[in-house]
Amino acid sequence: MTKEQQILDKIKIVLTQHFESAEAAFAYFDKNGDGKLTKDEIYKLLKQAEINRFIQGIVASKLIEKFDESDNEFIEWREFETAVNQIV
């Protein structure tokens, strides 16, 4: 299993065991309610998933790079939903 898959598995555990739906997870991490996850809000998801603090910045950047279809450096709901569907 690759390191990337291990990280995605940890995120999957948080999303499936702590939230009833992807919408609930998104709302929880979208602290300011603006409909998009900032890098700081993604850090909170990674922290809860127990991703090593040393690599959280790298992982957050890679997640944004991979799933930010609108290229605005945020993860919007639609993009989050796409990411969750690929992870779960």
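Rule-based calculations on the coordinates, nothing more; no lab input. This one's a predicted model, so the numbers in the text were calculated from it and none came from an experiment. Glycine also receives a Cβ, built like all others from the backbone with ideal geometry; neighbour counts cover every protein chain displayed.
Rg and Dmax of the chain, both derived from C-alpha coordinates alone, stand at 11.7, 36 Å.
Among the lysines of the chain, pairs that are 8 or more positions apart or on different chains and have alpha carbons within less than 16 Å of each other number 18. When you work out D = kT/(6 pi eta Rh) for the stretch 29-79 at 25 °C and 0.890 mPa s, using the Kirkwood radius from C-alpha pairs as Rh and the Stokes-Einstein form, the result is 224 µm²/s. Once both labels are positioned 7 Å from their Cα atoms along Cα-to-Cβ, the gap between E73 and A24 label points is 3.3 nm.
Give the residue from I87, L63, Y43 lying farthest towards the positive end of the charge dipole for the stretch 42-88; charges sit on Cβ (+1 for Lys and Arg, -1 for Asp and Glu) and the dipole is referred to the Cα centre. Checking the options against the dipole of the stretch 42-88, the answer is Y43. With contacts taken as Cα pairs under 8 Å at a separation of at least 6 residues, the chain carries a relative contact order of 32 percent. Under the simplified labelling scheme, the E81-Q5 pair shows an inter-label distance of 2.9 nm, with each label point 7 Å from Cα along Cα→Cβ. Of the DSSP H helices in the chain, those with a Cα length along their own long axis of 18 Å or more and a mean Kyte-Doolittle hydropathy reaching -1.0 comprise 3-18. Under 5 Å between amide hydrogens, built in the peptide plane, is the criterion, and for E76 it picks out L37 among residues at least 5 positions away or on other chains.
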